[in-house]
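A.B. asks: The structure under discussion is supplied below as structure tokens; questions concerning it will follow.
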Amino acid sequence: MTDPMNRRRFLKILGITGGGAAALSGCGIGPEPTQRLLPYLVAPDDQIPGVATWYATTCRECAAGCGLRARVREGRAVKLEGNPDSPVNRGRLCARGQAGLQGLYNPDRITGPRLRGANGQLAETTWDKAVQLLAQKVADAKGKGIVFVTGHETGAFGDLVDEWMRAVGGRRIAFESFALEALREGNRLAFGTAAVPHYDFAAAKYIVSFGADFMETWLSPVEFQNAFTRAHAFAAGADSSMAKYVYVGPRLSLTGLSADEWIAAAPGTEGLLALAMAQVIVARRLARSPADATRLGASLAAHTPAFGEQDGAMHLPLLHKLVAPSQRIPHTPQFIGSVL
Amino acid sequence: MTKGEWCMWGGGIAVLLLARPVAGQGAPAAPGFRAPVLSQSDTGKLKGPLQPIFFRHDIHAGQDRIPCMYCHYSAAISSEPGIPSVQTCIGCHQIINGTTDSHRAEITKVRSAWRDRTPPEWIRVYAVPDFVHFPHMRHIKVLGTDAASCANCHGEVAKQPRIYQVATLKMGWCVRCHVERKVTRDCTACHF
């Protein structure tokens, strides 16, 4: 060090470097960097630079299919909003829908064909190479078993893939992150139709959720939140019959936090409680049973409360407390649950 | 000839035959104005940045009396004034070759840009810093769409062979006009 650092020298250095920084653009003081203007080659019909265009579309982040309005600036979607005209979400959008934009801009998204190498890693390849390899592999494996994995497809693309798979002796698997096969099977056992029903929370008087987070990700959360609020919100003087909501599950999720009562069932035993409740209601005729209630005879008989107690998962007085409100319900109670 | 080419020919001929200002918009310059022929020494004296194609506003807006918003189409409806697409230029210049050698050279550049699908990179002349938002449509709404109103900030564009910045574009200059016309002086009108 030739010159000791003292106050005078420090301030001088600060002044010089600070002055240099201020001369840069952005402060509007010094010369701005040259900007260039690139015109369109052919201006698009429906876009005006600087003016946003809104397009109505559908969210594909889960199977609910909420209506969307996408805000587009210069041909790029920049924001997603719920479509007020959609009967599903009525203008609202959940976090997954908002994150849908990441599919367009996230730097980690897949931008072209990828080939899994010997080390298990995905490597970039060109479209020509990929199509050539695919054709060759399909020709080799024809008739020996080919699987085409798609997402949940409701339109022509699913049909196209099905037809192609039929021609090459393969099959199509639809992968959905929130799989509803258990729900479909349950409904087939209970009601004879392997379908996912539509739940009218707005008309419910007594809701018991067995681990089903219907305000987060279960089936159609935006719609259910809206409908639940109608059933459960305090309407001063207008309607005093607020729906009662009980949540059964090991973890008090966001859905559970809104419950009037939380039954902290051990993980995996929610189903036992549900079946026991159903058995008691049907056996003691606490509510009007549907004509085909005998369909469930075998399952219910195997899940009497005594059985539950043996397992240590049930508390008989608790069960009766849960069942009691259903006695006041004139119509058949609906039980909702998800098998995780 | 493709359908697109038919449209372009038809449009180009129509513009030549019907070169009238758009209704409600005055022509940039008086009729009979002739843009000067510029020699090499003259262009050296011109102010403003060199552009990739020597586009002359005094010929197009002044002599030919093309309305400002024929090219800068979104000035009345958007915060952006709108730079003309290459399709707009080629609409006329697919036919119009140019009378002098220098004109022909520049028009060739336009045709190359269209053919090679590479738009010219214009140097921006009028720019405000990033912390200011200048909405064109709000100003056009008050000032109008004729050339005289554009001249308020951009000067006599119809007489400029090469565009240069005529005003300082600093905040004092903006606020002076706002005070004179008694419009908002709220900070968040422009700084948001």
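We did not get these values from a lab; they are worked out from the coordinates using the rules stated. Predicted, not measured: the structure shown is a model, and the values here were computed from it. All Cβ positions, even for glycine, are placed from backbone atoms using ideal geometry, and neighbour counts span all protein chains on display.
A.B. asks: Tally up the residues in region B:97-120 that are more than 14 Å from chain A (Cβ to nearest Cβ) and not basic (Lys, Arg), please.
C.D. replies: Total satisfying the criteria: 11.
A.B. asks: Please enumerate the residues belonging to region A:95-144 that are within 25 Å of A:Val78 (Cα to Cα) and in contact with a Gly (Cβ under 9 Å, 6 or more places away or on another chain).
C.D. replies: Result: A:Gly97, A:Arg109.
A.B. asks: Here's something else I'd like to know. Going by the structure shown, is A:Leu133 touching a residue at least 40 places away in the same chain (Cβ under 8 Å), surrounded by 12 or more Cβ atoms within 10 Å (Cβ to Cβ), on the phi < 0 side of the Ramachandran plot and in a helix (DSSP H, G or I)?
C.D. replies: No.
A.B. asks: Under 6 Å between Cβ atoms, which residue pairs at least 6 apart in sequence (or on different chains) link something in region B:69-82 that is facing chain A (nearest Cβ under 9 Å) and closer than 15 Å to A:Pro39 by Cβ with a partner that is in a helix (DSSP H, G or I) and aliphatic (A, V, I, L, M)?
C.D. replies: Pairs that qualify, where the first residue is facing chain A (nearest Cβ under 9 Å) and closer than 15 Å to A:Pro39 by Cβ and the partner is in a helix (DSSP H, G or I) and aliphatic (A, V, I, L, M), are B:Ser78/B:Met137.
A.B. asks: Condition test on A:Val88, is it away from every other protein chain (no Cβ under 14 Å), part of a strand (DSSP E or B) and within 27 Å of the chain's Cα centre (by Cα)?
C.D. replies: No; evaluated as a whole, the condition is false for this residue.
A.B. asks: Scan A:Glu74, A:Glu124 and give me the residue that is over 30 Å from B:Tyr126 (Cβ atoms) and either of a type outside the set (Lys, Arg) or within 14 Å of chain B (Cβ to nearest Cβ) (or both).
C.D. replies: Being over 30 Å from B:Tyr126 (Cβ atoms) and either of a type outside the set (Lys, Arg) or within 14 Å of chain B (Cβ to nearest Cβ) (or both) holds for just one of A:Glu74, A:Glu124, which is A:Glu124.
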